[in-house]
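The values are calculated or read from the model by the stated rules, or taken from the named source; none is laboratory data. Model, not experiment: these values are computed from the prediction. Every residue, glycine among them, receives a Cβ derived from its backbone with ideal geometry; neighbour counts consider all protein chains shown. Note: accessible area is taken over every heavy atom of the protein model, side chains too, but ligands, DNA and RNA are not part of it. Shrake-Rupley method; radii C 1.70, N 1.55, O 1.52, S 1.80 Å.
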Amino acid sequence: MRKLFLSLFMVLAVTTVSAQDDVSKHNFDVAKNIETFNAIYKTLDMMYVDTLNADETVGYGINSMLRSLDPYTVYYPEDKSKDFDMMLSGKYAGIGAIIRYNLAIGNVVIDEPYKDMPAAEAGLRKGDIILAIDDSTTVGKDVSYVSSHLRGEAGTSFILTYKRPATGKTIKKKITRKAIQLPTVPYYGLQDNGVGYLNLNQFTEGSAREVRRDFIEMKDKGMKAFVLDLRGNGGGLLNEAVSIVNMFVPKDISIVKTKGKIRQVNRDYRTTVEPIDTVMPIVVLVNGETASASEIVSGSLQDLDRAVVLGTRTYGKGIVQTTLDMPYNGQLKLTTSRYYIPSGRCIQAINYKHANGGSTEQVADSLTHVFHTVGGREVRDGAGIKPDVEVRPDSLPNIAYYLAGTGRDSSEVMLNWELKYIKNHSTIAPAKDFHLTDADYADFKKDVLASKFKYDGETEKYLKQLVKLAKFEGYYEGAKPEFDAIEKKLKHDVGKDLDYNEKLIRPLIEADLVAVYYYQGGSVENSLRNDKQYKAAIDLLQDEPRYNGILHPTANE
């Protein structure tokens, strides 16, 4: 026994000394590299042939250091404080409109004004070409340049010069900036089938309060089931996510635990109030852009067997950022912990490696671990939230991207037709009822063909690669007749492609047009008619045995 005790003591002593040596070496490496960095910069500042801009040179060094860690650790110097505030609150001061670069004319245009915001109040419309802001020309400038000039202090005014394509007139208007709150809930409403729908696109201050109010309103109107749409929601404030989960699960339930290197970041976020409803059937819609706080909501409701998650696998962001004050009014958004949802799993999909300037590695499915919901259903960590019911949306054909102006050398033919339609229609049907007539689509097709519209077909692209490879390997001449025949069959017939893809192209145009007359909320409402995942959610909610069988499979055995 004495020998065993001495052996254990010696192992413990060696381990302790080794740990102390590691800490000492780490501290030495930190001090050495900081001293080296200071010495190099001082030498450059004193001897480099040109005068250095300290903010630019050191700032580049800081940003390079942070980029080697992960994309969420970001330094905001004092002159970027407005970007920092907007990141936290979702608020900024400006005109309240989405702008984009029109490839055909080489200029920034208005794409979508927000309801009740300065752009809409000034009468700006989709397609208006931004020419100047006060005395600063914006002709040929990129989106970031124009955006930075449109923003400013709330209450300040400027003269906007723009051209309206429908009339060809150049217009000048005085616009006063105001604090812009990006719409948290673009659309919600009780549908004809008694199912309530709510589209939540971000978790900023007050978003839980807004969701709560909208949910209660629909419930008071007779809502029997609920669809929470988190598709495309990139996340935001963690406490807002916990508050939304708290609407549907009892008080004092652990929703998220954060764990990091220092004790101060280790927290247990629990529900704190009595819920609104713990029994109403819920489906949460998710996709690959559902991330962070959205994954906390969807993953927690899944872990607690409170909702069925439907759609496609989520993004997989399981790390948490904290904001810290830095010298000279700077701010550092810093990854300090990982979060773990009720089953105990962390759904982080990417490992960030910090050696050699940083790299990323996707977590393989084979390396994930099994966890269980409160009812015993199997779930896994890593790689985001896997939906209980996988439903893939209809994929857009290649021609749609070019029609919408995202292809190289785009003719912006869809935008031009939409502007013509807007010019000829002062009003349209209510958002949920609006649709293009057959005559409208025929007119659109005629304009596309008249424009000599072209686009790169994927099949043609791959055929060219195959021909190149066949020539390299010496097979082309012998197979030339077959290649010629295939090339002939794959030649684009734009008219035929427009007819074949009509059911997918029509909704894109309809959503664009509805946004002009009824803003973002109307566009969301209109799109539900053609939404494959939404329809699958409705079918599930109206099939009670199937819904219950997903959440409580053992009860049906």
Those trypsin sites (Lys or Arg not before Pro) in the stretch 448-521 that DSSP places in a loop and that have at most 12 other beta carbons within 10 Å: Lys452, Lys454, Lys491
Listed residues Arg313, Arg67 arranged by accessible area, highest first, probe 1.4 Å: Arg67, Arg313
Exposure ranking of Val494, Val23 by accessible area [1.4 Å probe, largest first]: Val23, Val494
Partner lysines for Lys174 [C-alpha distance under 26 Å; skip if fewer than 8 residues away on the same chain]: Lys82, Lys91, Lys115, Lys126, Lys141, Lys163, Lys423
Size of electric dipole in the chain: Cβ of Lys, Arg +1 and of Asp, Glu -1, about Cα centre, debye, nearest 20: 400
J(HN,Hα) series, the stretch 267-274, from Karplus relation 6.51 cos²θ - 1.76 cosθ + 1.60, nearest Hz, glycine and proline x: 9, 10, 8, 10, 5, 10, 10, 6
Accessible area (Å², 1.4 Å probe, nearest 10) - His26: 110
Rounded accessible area of Glu487 (nearest 10 Å², 1.4 Å probe): 90
Derived scalar couplings ³J(HN,Hα) [the stretch 241-253; Karplus, 6.51 cos²θ - 1.76 cosθ + 1.60; whole Hz; x for Gly, Pro]: 5, 4, 5, 5, 4, 4, 5, 10, 10, x, 5, 6, 9
Globularity ratio of the stretch 363-489, using Cα Rg and 2.2 N^0.38 Å: 1.73
Cut-off under 5 Å, modelled amide H: who pairs with His372 long-range: Val379
Inter-centroid distance (Cα atoms) of the stretch 253-314 relative to the stretch 521-557, Å: 19
Surface accessible to a 1.4 Å probe, Leu69 within the full protein complex, Å²: 60
Cα-based convex hull, the stretch 60-186, per residue volume (Å³, whole number): 141
MRE, 222 nm, helices only [DSSP H, n ≥ 4, -39500 (n - 2.57), over the chain, to nearest 500]: -13000 deg cm²/dmol
Candidate residues Leu237, Leu551: accessible-area rank, largest first, probe 1.4 Å: Leu237, Leu551
Semi-axes of the equivalent ellipsoid for the stretch 233-316, Cα gyration tensor, largest first, Å: 21, 18, 9
Among Thr43, Val143, Tyr402 - extreme Cα towards positive end, dipole of the chain, charges at beta-carbon: Thr43
Descending semi-axes in Å of the chain, equivalent ellipsoid built from Cα gyration tensor: 44, 35, 30
Using alpha-carbon coordinates, inclination of helix 54-67 to the longest axis of the chain, degrees: 80
Centre separation in Å (Cα based) which lies between the stretch 393-442 and the stretch 23-98: 44
Rounded tilt (10° steps) of 207-220 against the dominant C-alpha axis of the chain: 60
Kirkwood Rh (inverse of mean 1/r, distinct Cα pairs), the stretch 125-222, angstrom: 16.8
On Cα atoms only, tilt of 532-541 relative to the major axis of the chain in degrees: 70
DSSP-defined antiparallel bridges as percent of all bridges, the chain, nearest 5: 75
